[in-house]
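To start, the structure itself, in structure tokens.
The values are calculated or read from the model by the stated rules, or taken from the named source; none is laboratory data. Predicted, not measured: the structure shown is a model, and the values here were computed from it. As a convention, Cβ positions derive from the backbone with ideal geometry for all residues, glycine included, and neighbour counts pool all protein chains shown.
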Amino acid sequence: MSDRATKEALFDAFAQVAKALSNGRRAEIVDVLANGERSVESLAGEVRQTIANTSQHLQILKNAGLVIPRRDGTFVFYRLASPEVVSFWRALQGIARESRRDVEQLVHEYLGDDDVEELPMDELWERLQRRNKLVVLDVRPQEEYDA
């Protein structure tokens, strides 16, 4: 393969990963899977899509190397392929929040109460060390909590 062909193949591979997240439902699936493994049926319910549509989205994510399936009897479960996928997803969210004014407003509309603060684990731990009293409220759905 020529240097040019190799370079094009490399950048096409990068683009395939980015393209896999170019659909809002697939991005939402990655967001759900960032909290743990889920069945196709569970994911379909969470993202309010049919099982067939969800399966198609998962195939695209799988082909891009972002998710890994696991079969258990007649059920198929998916998880993110690596911790780097979560890092990539979080970085993409950060870029969207920085570069698009509407994203921050949408985040506030979706999350609701302005008194609620989302914290990364390291900052939460630091605050726990500094204060005697801190209320931590885990509001994840039961399925995420169990994962």
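Is one or more of the residues making up the stretch 46-55 in contact (Cβ under 8 Å) with a residue 60 or more places away in the chain, loosely packed, with under 14 Cβ neighbours inside 10 Å, under 17 Å from the mean Cα position of the chain (by Cα) and not in a helix (DSSP H, G or I)?
Looking through the stretch 46-55, none of the residues is in contact (Cβ under 8 Å) with a residue 60 or more places away in the chain, loosely packed, with under 14 Cβ neighbours inside 10 Å, under 17 Å from the mean Cα position of the chain (by Cα) and not in a helix (DSSP H, G or I).
Taking the condition closer than 12 Å to ALA34 by Cβ and either out of contact with any helix residue (DSSP H, G or I) (no Cβ under 7 Å at 6 or more places or on another chain) or modelled with pLDDT under 90 (or both), does SER82 pass?
On the way: closer than 12 Å to ALA34 by Cβ: yes; either out of contact with any helix residue (DSSP H, G or I) (no Cβ under 7 Å at 6 or more places or on another chain) or modelled with pLDDT under 90 (or both): yes.
For SER82, the condition - closer than 12 Å to ALA34 by Cβ and either out of contact with any helix residue (DSSP H, G or I) (no Cβ under 7 Å at 6 or more places or on another chain) or modelled with pLDDT under 90 (or both) - is met.
With the requirement that a residue be surrounded by fewer than 12 Cβ atoms within 10 Å (Cβ to Cβ) and among the charged types (D, E, K, R), what does the stretch 1-22 give you?
ASP3, ARG4, LYS7, ASP12
Test TYR110 against the stated conditions and say whether it is among the aromatic types (Phe, Trp, Tyr), free of Cβ contacts under 8 Å to residues at least 24 places away in the same chain and in contact with an Asp or Glu (Cβ under 9 Å, 6 or more places away or on another chain).
On the way: among the aromatic types (Phe, Trp, Tyr): yes; free of Cβ contacts under 8 Å to residues at least 24 places away in the same chain: yes; in contact with an Asp or Glu (Cβ under 9 Å, 6 or more places away or on another chain): no.
No; evaluated as a whole, the condition is false for this residue.
Can you report the number of residues in the stretch 21-54 which are in contact with a strand residue (DSSP E or B) (Cβ under 9 Å, 6 or more places away or on another chain) and not basic (Lys, Arg)?
At the first step, the residues of the stretch 21-54 found to be in contact with a strand residue (DSSP E or B) (Cβ under 9 Å, 6 or more places away or on another chain) are 29-30, 32-34, 36-43, 46.
Applying the additional criterion that residues be not basic (Lys, Arg) yields 29-30, 32-34, 36-37, 39-43, 46.
Matching residues across the stretch 21-54 total 13.
Quick one: LEU43 ticks every box in (1) aliphatic (A, V, I, L, M); (2) within 24 Å of GLN142 (Cβ to Cβ); (3) surrounded by 18 or more Cβ atoms within 10 Å (Cβ to Cβ); (4) touching a residue at least 40 places away in the same chain (Cβ under 8 Å) except a single one, so which number is it?
Among (1) aliphatic (A, V, I, L, M); (2) within 24 Å of GLN142 (Cβ to Cβ); (3) surrounded by 18 or more Cβ atoms within 10 Å (Cβ to Cβ); (4) touching a residue at least 40 places away in the same chain (Cβ under 8 Å), LEU43 violates only (4).
Restricting attention to the stretch 1-38, which residues are of a type in the set (Asp, Glu) and either under 21 Å from ILE51 (Cα atoms) or not in a helix (DSSP H, G or I) (or both)?
Let us first name the residues in the stretch 1-38 that are of a type in the set (Asp, Glu), namely 3, 8, 12, 28, 31, 37.
GLU28, ASP31, GLU37 - these are the residues of the stretch 1-38 that are of a type in the set (Asp, Glu) and either under 21 Å from ILE51 (Cα atoms) or not in a helix (DSSP H, G or I) (or both).
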